[in-house]
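Taking it in order: structure first as structure tokens, then the write-up.
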Amino acid sequence: MRLLGLDYGSKRIGTAISDELGITAQALSIIDRTSLQRDLAAVAEIVRRYGVDKIVIGYPLRLDGSAGVQCEKVDRFIAALATVVDLPIVKWDEALSTWEAERILDEAGVQQQRRKKLVDKIAAGIVLQSYLNSLSKKENKMS
């Protein structure tokens, strides 16, 4: 099962893809946001190209677990996305994924100019890997 991870932002959408077994996630690309139609077409093209079975989108809950304005924006994007792809779309708590991506880039010594192009796709990878890890834990409990 191939999964697509999305980190939805106001300027960019980070993407990540799982391996075919749904075990590991890797950062894929950045979609520079231009218009909703183009953004949706770009995601639909990734879905088609990689044979995606499910989409996992980072859901920006507040640290107290409540939904805020950013969650409403993601909900609107999910509703629009559901009109162009016929796949399950899972909301997954993205708590601190961007912060973690920044930390990884900092430890790797990536210069500030390059970070903008990397942080969103790394954050998408972190969100997707977190989701995949949760599936693995569920399977281990059932065994």
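The values are calculated or read from the model by the stated rules, or taken from the named source; none is laboratory data. From a predicted model like this one, the values you see are computed outputs, not experimental measurements. Positions of Cβ are generated from backbone atoms using ideal geometry, with glycine treated the same way; all protein chains shown enter the neighbour counts. The accessibility values were calculated without ligands, DNA or RNA, using every heavy atom of the protein model including side chains. Shrake-Rupley method; radii C 1.70, N 1.55, O 1.52, S 1.80 Å.
So the values come out like this:
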read-out	value
Count of residues meeting criterion [surrounded by 14 or more Cβ atoms within 10 Å (Cβ to Cβ) and closer than 22 Å to Asn133 by Cα] in segment 57-94	12
Options Ile122, Ile46: the member that is touching a residue at least 40 places away in the same chain (Cβ under 8 Å) and in contact with an Asp or Glu (Cβ under 9 Å, 6 or more places away or on another chain)	Ile122
Filter pass, Ile30 being at pLDDT 90 or above, open to solvent by less than 70 Å² (accessible area, probe 1.4 Å), under 13 Å from Thr15 (Cβ atoms) and touching a helix residue (DSSP H, G or I) at 6+ places or on another chain (Cβ under 6 Å)	yes
First in segment 58-77 and free of Cβ contacts under 8 Å to residues at least 40 places away in the same chain and under 13 Å from Lys91 (Cβ atoms), second anywhere and in a strand (DSSP E or B) and open to solvent by 90 Å² or more (accessible area, probe 1.4 Å), Cβ under 6 Å, 6 or more apart	Tyr59/Lys91
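Yes or no, residue by residue, for (1) at positive phi; (2) in contact with a Lys or Arg (Cβ under 7 Å, 6 or more places away or on another chain); (3) open to solvent by 20 Å² or more (accessible area, probe 1.4 Å):
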| site | (1), (2), (3) |
| --- | --- |
| Gly5 | no, no, no |
| Ile13 | no, yes, no |
| Arg49 | no, no, yes |
| Lys54 | no, no, yes |
